[in-house]
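Okay, structure first, notes after.
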Amino acid sequence: MSRSTTRTRAARGLLSAALALGLTAGAALAAGAPASAAAGFIAAPNSIVGLDTEIVINAPKAAGQVVTLGAQIGGFSTTMQTTIGSNGYGSITWNPGAPGTWTFNGLGSIANLGSTTATVAAMPTYTVLLAQNNVQQGASNNLEAAVIAPIGSLNPTGTVSLQYGSGAAISSAPLTGGLGNSTSTAIVPWTPTGPGNIDLQAVYTSDNGAFTGSTSPISSPNSTPGAKPLAIRWPANLYVGEPTLLQGVIGNGYPPGTVAFTWNTTGISGSIQTVNGVASFRWAPPAGGINTISAAYTGASGSPNSLVWSNGTSSQTVNVLPSRSMDNITVQPPGQGPWNIAQPITMVAGKSLTLAGTSQSGTPVIFSEQGPCVISGATLTALSAGQCQVTAVSPGTAQLKPGSETYTITVTKAPKKKR
C-alpha cells in the first residue's frame, strides 16, 4: 500500500507545515519504531527548533479511536492527540521549542507501541546591524539589530550586544521587536565620544539555547558634532532581489515628519510617516554594483497656524552584492556513495537506512519524506513497494540561501521466502 493514499497529508514544500523531518545526527530506531511494523509504531523524526514536524503513528488495533502521545524533554512534558484512521495511521504536527533529545511514549490504548526518541537541534541564526550613515557625537543614538532564523516559524529570543570592531563592549538590549515570523529586533543605544568612521558589530546571544548565537558584519557610521536633520540606516550587506529594510532616522531635536527614498535618483517610495523618529521602508535592490540610496525628510512643529518647517536630505553609496546562491547539500548514507537527484536509488520494502547529509554552510541537514516510507530519528524505512520522495533541506546562512534537494527512491517488494 502507499501511505500517500492511506492517510491525509498537508501540501509539502521547503517550508511546509507538515514536514516529516530528520537530522543527520539522529539515533537509530528505538522500540516501537517501524522495525516492528506488524504491531504498529511511533515514528518521530529528528528535527530543528521552530519547524513543524510530523509524527506518524501506526496503530491498526486502535483504528477509529482518539489516541494520546506523551512527549518529554528534561523536566518538561506534554501530551498530544490524534485520531487513528481506518487504515491504522494517524499523524500529529509538532513544533519543537527546545533542543535536545525528546522521548515520545504511546499512552492508553497505544501503550503497547512503546517509546521512541528524536533529536532536536538549535536553529541557526544570522544577525544584521542597521546603523545610520551619520550619528551625533556626544549624544545617545539608537541603532537597530535584527536576528533572523532562516527557516521555521519561531522568533529568536535573547539579547543583542553592541560592540566596537575591536570587540570592546558598548551596550546591550533584549530582543523585544519583530519583523514577522522568524525575525526579532532590538534597539541598542550608543553615544560616540570621538569623530570619524567607527566600526561596530552586533552580537546575538540566545537566552535558552534554542537558537545559535551569531555576529553581524561590521558597519561604520560617521560620528560628527551636532545633529543632522536626517540619516539613512541600512544593513552592511545588500543583495540583488532580496528584501531588506531601509530607514530614515531624524536627528536629535528635529520634529516628526515624513521621509521619501530614492534609488539612483529614481523614487522608490512615497512619503513615509516617521514613528518615534524613524521611517521604515521594505525594499529589494534591483541591480548590483555601486549604487546610491538617498532620502528626503520634511517635518513640521508648532501650531497649525504657525508651523515651523524642517527639511533635510541624506545619501549613501552602497555596493549591492549578487543574489545569494543556494546552500549546497551532499547526502551520503553510511556505506553508500553520494546520492544524486538524477540517478536511481532503490530500497527493498521492510529495509532501513540512516540518512546522513552535510551542507556547504555547515548548518544541519534535515529530511522530509513522501510516499510509502517513514522517517524515525535519522532512519528511513521503506514500508511497501512504490516510490518515495526524500527531500533534504539546510537552513543556510547570511551568505547562502536555504538549500533543498529532492531524491526519488524506488521501493521494490521484498523477495518471497522459500517454503
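The values are calculated or read from the model by the stated rules, or taken from the named source; none is laboratory data. Being a predicted model, the structure only gives us computed values, none of them experimental. With ideal geometry, Cβ positions are generated from the backbone for all residues, glycine too; neighbour counts draw on all protein chains shown.
A quick yes/no check of all residues on (1) within 19 Å of Ala168 (Cα to Cα); (2) surrounded by fewer than 16 Cβ atoms within 10 Å (Cβ to Cβ); (3) at pLDDT below 95:
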position: Thr191; (1), (2), (3): yes, yes, no
position: Gly194; (1), (2), (3): yes, yes, yes
position: Gln201; (1), (2), (3): yes, no, no
position: Thr212; (1), (2), (3): no, no, no
position: Pro217; (1), (2), (3): yes, yes, no
position: Ser223; (1), (2), (3): yes, no, no
position: Pro229; (1), (2), (3): no, no, no
position: Asn252; (1), (2), (3): no, yes, yes
Within the stretch 313-325, of all residues that are surrounded by 16 or more Cβ atoms within 10 Å (Cβ to Cβ) and not β-branched (Val, Ile, Thr), the one nearest to Gly362 (Cα to Cα) is Arg324
Name every residue in the stretch 162-173 that is surrounded by 12 or more Cβ atoms within 10 Å (Cβ to Cβ) and modelled with pLDDT of 95 or more, in order of residue number. Leu162, Gln163, Tyr164, Ile170, Ser171, Ser172, Ala173
Among the residues of the stretch 400-419, how many are of a type outside the set (Val, Ile, Thr) and at pLDDT 95 or above? 7
Taking the stretch 284-299 on its own, how many of its residues are surrounded by fewer than 17 Cβ atoms within 10 Å (Cβ to Cβ) and of a type outside the set (S, T, N, Q)? 6
Do any strands (runs of 3 or more DSSP E) entirely within the stretch 371-414 hold 2 or more residues that are in the same structural domain as Gly88 (by TED's automatic domain parsing) and of a type in the set (Lys, Arg), and if so, which? none
Assuming Pro45 fulfils every condition listed in (1) of a type outside the set (Gly, Ala, Ser); (2) buried (at least 23 other Cβ atoms within 10 Å of the Cβ); (3) closer than 26 Å to Pro174 by Cβ apart from one, which condition is it? (3)
Just to be sure I understand, how many residues within the stretch 206-240 are basic (Lys, Arg) and either assigned by TED's automatic domain parsing to the domain that holds Ile272 or part of a strand (DSSP E or B) (or both)? 1
Quick check: is even one residue across the stretch 99-108 within 16 Å of the chain's Cα centre (by Cα) and at pLDDT below 95? no
Residue under question is Gly158, and the condition is that it be modelled with pLDDT of 95 or more, out of contact with any Asp or Glu (no Cβ under 6 Å at 6 or more places or on another chain) and closer than 23 Å to Phe76 by Cβ; does it hold? no
2 or more residues without any contact (Cβ under 8 Å) to a residue 60 or more places away in the chain, more than 21 Å from the chain's Cα centre (by Cα) and over 30 Å from Lys416 (Cβ atoms): qualifying strands (runs of 3 or more DSSP E) within the stretch 280-368: 289-301, 308-321
Where in the stretch 72-181 are the strands (runs of 3 or more DSSP E), entirely inside, with at least 2 residues that are of a type in the set (S, T, N, Q) and not assigned by TED's automatic domain parsing to the domain that holds Ile48? 126-132, 134-136, 141-148, 158-164, 169-174
